[in-house]
Amino acid sequence: MEVDEIKVYLPHRFPFLLVDRVLELIPGESIVALKNLSISEPVFEGHFPHLSVFPGVMLLEAMAQASGILGFKTVNKTPADGSIYYLAGADNVRFKRPCVPGDSIHLHSKILGERRGIWKFGVRAEVEGALCASATILCADR
């Protein structure tokens, strides 16, 4: 999926749309998406001006956005249908390597389960095969 189709499945827009491309998608199972970091990202003006590091909380949000696409594609719905995914929780969050301008971050998410509109995803972010972050997240479909 390219960015125009991604915008059909995510309500986020610049500067908070954090998925540039979907590389692989198996509805009901998993997704691999891409976030390319550029020095021109607005967040780098303040985090940190002397050492540009992509904030961990935004990396977690990028993984959640990829998970949202997976959820929407799995149930064949979009925000236009009146459905939206909210990040409802994060467990076992670990940051292993900072992400910096020039990195191409691969966002991996797999469905671990769904119960009464609460989805559980196993997520991880990698740059050139090196683990940057991982977590188990919950998303609520409302």
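The values are calculated or read from the model by the stated rules, or taken from the named source; none is laboratory data. No experiment lies behind these values; they were computed from the predicted model shown. Every residue, glycine as well, gets a Cβ built from its backbone with ideal geometry; the counts of neighbours run over all protein chains shown. Quick note on the areas: whole protein, heavy atoms, side chains included, nothing else; ligands and nucleic acids left out. Shrake-Rupley method; radii C 1.70, N 1.55, O 1.52, S 1.80 Å.
Quick one: Karplus J couplings for the range 123-129, per residue in order, coefficients 6.51, -1.76, 1.60, θ = phi - 60°, nearest Hz, x for Gly and Pro?
10, 7, 10, 9, 10, 6, x
If I stretch the segment between residue 130 and residue 104 completely, what's the gain in nm (0.36 nm per residue apart, minus their alpha carbon distance), one decimal?
That pair, residue 130 and residue 104, stretches by 8.2 nm at full extension.
Quick one: if you stick a label point 7 Å off each Cα along the C-beta vector at residue 4 and residue 97, how many nm between them?
Once both label points are built, they end up 3.4 nm from each other.
Just flag the trypsin sites (Lys or Arg not before Pro) in the range 1-106 sitting in loop per DSSP whose Cβ has no more than 11 other Cβ atoms within 10 Å.
In loop regions of the range 1-106 (DSSP not H, G, I, E or B), the sparsely surrounded trypsin sites (Lys or Arg not before Pro) are 13.
Net charge near residue 52, counting Lys/Arg +1 and Asp/Glu -1 over other residues with Cβ under 13 Å of its Cβ?
Around residue 52, the surrounding residues sum to -3.
For the range 10-131, please report how many Lys pairs fall under 21 Å Cα to Cα, leaving out neighbours fewer than 8 apart on the same chain.
Lysine pairs meeting both conditions in the range 10-131 amount to 9.
Calculate, for the chain, the solvent-accessible area per residue in square angstrom, rolling a 1.4 angstrom probe over the heavy atoms of the protein chains.
Solvent-accessible surface per residue comes out at 52 Å².
Note down the relative contact order for the chain as a percent, whole number, built from C-alpha pairs under 8 angstrom at least six residues apart.
26 percent
Net charge around residue 41, counting only other residues with Cβ within less than 12 Å of its Cβ (Lys, Arg = +1; Asp, Glu = -1)?
Around residue 41, the surrounding residues sum to -2.
Considering the range 37-142, what Rg and Dmax in Å follow from its alpha-carbon atoms?
When restricted to the Cα atoms of the range 37-142, Rg and Dmax are 14.7, 46 Å.
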